[in-house]
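Notes to accompany the following structure.
The values are calculated or read from the model by the stated rules, or taken from the named source; none is laboratory data. In this text the structure is predicted, and so the values were computed from the model without any measurement. FYI the Cβ positions are ideal-geometry reconstructions off the backbone, even for glycines, and counts take in every protein chain you see. Ligands, DNA and RNA are excluded from the accessible area calculation, which covers all protein heavy atoms including side chains. Shrake-Rupley method; radii C 1.70, N 1.55, O 1.52, S 1.80 Å.
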Amino acid sequence: MNSDFVIIGGGVIGLTIARELHRRGAGTITVIDRGRAGGEASWAAAGMLAPNVECRADDELFRICTASNRLYPDFAAELLAETGIDIHLDRSGTLSLAFTEDEAAELNAKYTWQRNAGITVESLTSDDIRKLEPEISASVHSGFLYPNDWQVENRQLVAGLRKYCELNQIELIENTAMERLVIRGGEARAVETSRGAQHADRVIVTAGAWSDQLLPVPKVKPIRGQMISLAASDPRILDRVIYSHRGYLVPRSDGRVLVGATVENVGFSKEVTADAISTLKAAAIEIAPRLAKIEIAEAWAGLRPFVEGEMPVIGRVPDIENAFVATGHYRNGILLAPITAKMIADEVCGASRTSGDQAVRKASH
Ligand code: FAD
Ligand code: GLY
């Protein structure tokens, strides 16, 4: 079999790249996934689009996260028009809360540099917070509202991208693992898979935490994140995403509340542990005590692809003319999917590099 593009790994990154290439009329596209496309980290995520709450400095990662966030309203609207699938982009904003003096001091320091950097953020007293979100614990000290930090339903996003492939003749081959890239004369000639060889003019590896097993790219470490969800309540207990030092709460439009997440360096284990469930439950109750009465609906774990420095690796693979990689999105892969797809499409289609070009360069070093 032969395609213009073979994409290895059908998570949010691979599928968004496939869509972007198709929209640019780039040729025939095949996506190969070892399991079910979208079934790994992209399924496990919380779906927060939080460039401001999650960032720690005014650096390149912050800039690409912000740029990608700005792409989301159009991305969500286009995907809905293309597939009929609504990814529930919720622009209610995010609250970042402090429950102690020390936490407040830390958030205040962040507020100062963020204000200087021109980020929209509003300082709130505990009364302000409880007016906005009456179920937040009375012990809340203070906090900040980030109106430009949003959320999407990432499982719907993956479903929408799968549907896009189905409707647009993008071949999706699942339960098929890439085993080896055949390289001759500095060029990738074929992808050997568990079901035979696939020929491609260009190969793009987007295999998340497994990417460095397939190509000579910087080390990618799997960082486990465990989460729980609390059953739907009517009316909703919370309107906005809530961030605190204890964890985060993500209220979905159907009334469920997601509670996340652990950050664990335990290799490729995706087990859910009793310890994590009780820690997440305690965090949820501390932030919003009424959650104690809600039953746990689901518990799961996924593997974030982490690369030293936390900057994703996006671009051409060193010494292989026609191979590209996009991985290492760590805590922000859902957020970064639209900009990553544009950066890879610019690179493979030969357009000039635009924002985030430092990340593109990193892959070729
Ligand atoms: P994946 O979704 O892991 O996809 C990689 C794919 O490659 C998989 O489907 C896998 O089967 C396939 N693959 C692997 N090896 C092979 C092979 N040899 N051959 C073929 N296929 C292969 N990000 C956010 O932006 N916001 C959040 O709120 C957020 N919350 C998170 C919460 C948790 C608990 C976790 C775990 C992650 C969270 N993330 C969040 C991070 C985000 O989920 C990831 O950064 C993102 O999903 C990475 O996407 P990916 O496509 O690179 O990887
Ligand atoms: N961005 C949230 C997480 O990775 O848990």
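Checked against (1) within 11 Å of ligand 1 (Cβ to nearest atom); (2) open to solvent by less than 10 Å² (accessible area, probe 1.4 Å); (3) within 30 Å of Val140 (Cα to Cα), Leu336 passes all but condition (3).
Among the residues in segment 216-224, are any farther than 30 Å from Gly93 by Cα and in contact with a Lys or Arg (Cβ under 7 Å, 6 or more places away or on another chain)? Among the residues of segment 216-224, not one is farther than 30 Å from Gly93 by Cα and in contact with a Lys or Arg (Cβ under 7 Å, 6 or more places away or on another chain), which makes the answer no.
A quick yes/no check of all residues on (1) of a type in the set (A, V, I, L, M, F, W, C); (2) more than 25 Å from the chain's Cα centre (by Cα):
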residue	(1), (2)
Pro134	no, yes
Val140	yes, yes
Tyr164	no, no
Thr176	no, no
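Of the residues examined, Glu310 is one that is of a type in the set (D, E, K, R) and within 16 Å of ligand 2 (Cβ to nearest atom). Contact annotation: residue pairs with Cβ atoms under 9 Å, 6 or more positions apart or on different chains, pairing a residue in segment 35-50 that is farther than 18 Å from Ser211 by Cα with a partner that is at pLDDT below 95 and open to solvent by 10 Å² or more (accessible area, probe 1.4 Å), are Met48/Glu54.
Glu82 falls short of the stated requirement of being farther than 25 Å from Asn168 by Cα and modelled with pLDDT of 95 or more. Look at (1) farther than 30 Å from Arg130 by Cβ; (2) open to solvent by 60 Å² or more (accessible area, probe 1.4 Å) and you find that Ile296 fails only one, number (1). Looking across segment 171-187, the residues that are open to solvent by 10 Å² or more (accessible area, probe 1.4 Å) and either within 16 Å of ligand 2 (Cβ to nearest atom) or assigned to a loop (DSSP other than H, G, I, E, B) (or both) come down to Glu174, Asn175, Ala177, Gly185, Gly186. The residues listed here are Val266, Val205; of these, the one that is open to solvent by 10 Å² or more (accessible area, probe 1.4 Å), closer than 25 Å to Gly14 by Cβ and β-branched (Val, Ile, Thr) is Val266.
Yes or no, residue by residue, for (1) within 30 Å of Leu132 (Cα to Cα); (2) within 19 Å of the chain's Cα centre (by Cα):
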residue: Ile17; (1), (2): no, yes
residue: Arg24; (1), (2): no, no
residue: Glu54; (1), (2): yes, yes
residue: Thr66; (1), (2): yes, yes
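Considering each of Ser229, Ser253 in turn, give the residue that is within 20 Å of the chain's Cα centre (by Cα), open to solvent by less than 10 Å² (accessible area, probe 1.4 Å) and not aliphatic (A, V, I, L, M). Among Ser229, Ser253, only Ser229 is within 20 Å of the chain's Cα centre (by Cα), open to solvent by less than 10 Å² (accessible area, probe 1.4 Å) and not aliphatic (A, V, I, L, M).
Every residue, every condition in (1) in contact with a helix residue (DSSP H, G or I) (Cβ under 9 Å, 6 or more places away or on another chain); (2) in a strand (DSSP E or B); (3) within 16 Å of ligand 2 (Cβ to nearest atom), yes or no:
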residue: Arg189; (1), (2), (3): no, yes, no
residue: Glu192; (1), (2), (3): no, yes, no
residue: Ala200; (1), (2), (3): no, yes, no
residue: Ala209; (1), (2), (3): yes, no, yes
residue: Asp212; (1), (2), (3): no, no, no
residue: Val217; (1), (2), (3): yes, no, no
residue: Pro222; (1), (2), (3): yes, yes, yes
residue: Gln226; (1), (2), (3): yes, yes, yes
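Does Asp86 satisfy the condition of being open to solvent by 30 Å² or more (accessible area, probe 1.4 Å), free of Cβ contacts under 8 Å to residues at least 24 places away in the same chain and under 22 Å from the mean Cα position of the chain (by Cα)? No; evaluated as a whole, the condition is false for this residue. Scanning segment 211-221 for residues that are surrounded by fewer than 21 Cβ atoms within 10 Å (Cβ to Cβ) and within 12 Å of ligand 1 (Cβ to nearest atom) returns Asp212, Gln213.
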